[in-house]
């Protein structure tokens with residue numbers, strides 16, 4: 001019997017949204033279904049499956065409602081969608097998603113580039129989305145992800161006080177949680193640890209996920225620093241697919257396979273079967289032939305004796 005009914009950390013897979021909207025090719029809808037099915041089979045229990053934005057801006061997300069309908073067939077999986085504004089939130093709530101994530105940038109320049117609104121206008125947008133949620137779908141959770149929390153390729157340094165202020169304002173506006181995103185891959189472990197402590201001091205247990213990029217090779221180190229600071233939810237993308245199209249040079253989400261391996265090797269349970277997770281790369285490759293994907297663990301393979309090691313800490317179903 002699995003001794004870890006509730007995993008120590010939650011891995012929130014963002015590849016079907018963050019990954020797919022960041023590549024030029026559009027994955028066929030049927031392939032998206034197969035990929036999501038494989039992610040669920042690996043044990044992932046929160047998946048950001050799409051974003052609700054106009055198809056003329058992101059044709060990769062034109063089938064968002066169809067993808068949500070398919071993902072909802074999997075019981076026990078939190079189906080999440082990104083919504084940049086009230087219109088997107090209406091569409092997502094109409095599609096019956098379980099959770100909304102709203103990108104709210106700590107960088108004034110990135111906010112204008114990403115959502116064409118000032119930071120103050122985005123706080124009001126969060127407030128409007130919360131009101132809508134309360135009216136028609138009170139069970140849906142809302143996360144405000146603070147983008148460019150660790151630096152911005154457009155603006156440069158982002159004052160930590162601005163990040164804490166944005167997170168506090170979003171919670172005051174009614175968001176259920178607010179996490180920090182290293183949108184541009186500029187974070188370092190000391191900074192991650194320090195800033196998450198500051199945010200937690202301001203908003204307490206409403207501090208949300210760590211969304212790290214591996215642009216400069218520090219993705220896993222930054223996730224570990226966030227874990228040390230008390231974070232227990234981590235965004236990542238299978239094969240490291242994706243980045244932010246409105247932050248130049250911001251390629252490289254943390255690779256889900258490597259993140260799960262790191263935690264498992266440390267005895268920190270994720271509830272994810274690594275072998276099945278690596279197998280989930282195949283439908284990704286089939287849906288995006290020729291698209292480069294990354295990951296050290298899939299390249300190196302699992303260490304000798306890994307299955308026994310994983311079973312001993314409750315990471316294999318039925319162990």
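Size of segment 1-131: Rg and Dmax of its alpha carbons, in Å, are 15.6, 51. Across segment 1-45 the C-alpha pair distances fall into 5 Å bins from zero in the proportions 5, 18, 23, 21, 13, 9, 7, 4, 1 percent.
What whole-number distance in Å separates the alpha-carbon centres of segment 28-95 and segment 125-183? What the calculation gives is 20 Å, centre to centre.
Using only alpha carbons, build the gyration tensor for segment 169-305 and give me the equivalent ellipsoid semi-axes, biggest first, whole Å. Please report the intermediate quantities before stating the final value.
Numbers: eigenvalues 144, 65, 37 Å².
Each semi-axis is the square root of five times an eigenvalue, giving 27, 18, 14 Å.
Only beta bridges with both residues in the chain are counted; by DSSP, about 10 percent of them are antiparallel.
Springs between Cα atoms under 10 Å define the GNM used for the chain, and in it the highest mean-square fluctuation of 186, 296, 122 occurs at 296. Within the chain, the proportion of Cα pairs with more than 23 Å between them is 53 percent. In this calculation the C-beta distance from residue 205 to residue 275 is compared with R0 = 22 Å, giving a FRET efficiency of 0.05. For the chain, modelled as a GNM with alpha-carbon contacts under 10 angstrom, which of 264, 300, 109 fluctuates the most? Highest fluctuation of the listed residues: 300. Dividing the summed helix terms, -39500 (n - 2.57) for each DSSP H run of n ≥ 4, by the number of residues in the chain produces a 222 nm estimate of -12000 deg cm²/dmol to the nearest 500. The alpha carbons of segment 147-221 occupy a box of 34, 25, 17 Å along the principal axes, longest dimension given first. Just to be sure I understand: with springs between alpha-carbon atoms less than 10 Å apart, which residue in 42, 30, 202 has the highest mean-square fluctuation in the Gaussian network model of the chain? Residue with maximal mean-square fluctuation among 42, 30, 202: 30.
Read-outs throughout are calculated quantities, based only on the coordinates presented, and are distinct from any laboratory measurement. Since we're looking at a predicted model, the values are computed, not measured. Note: ideal-geometry Cβ built from the backbone for every residue, glycine included; neighbour counts use all protein chains shown.
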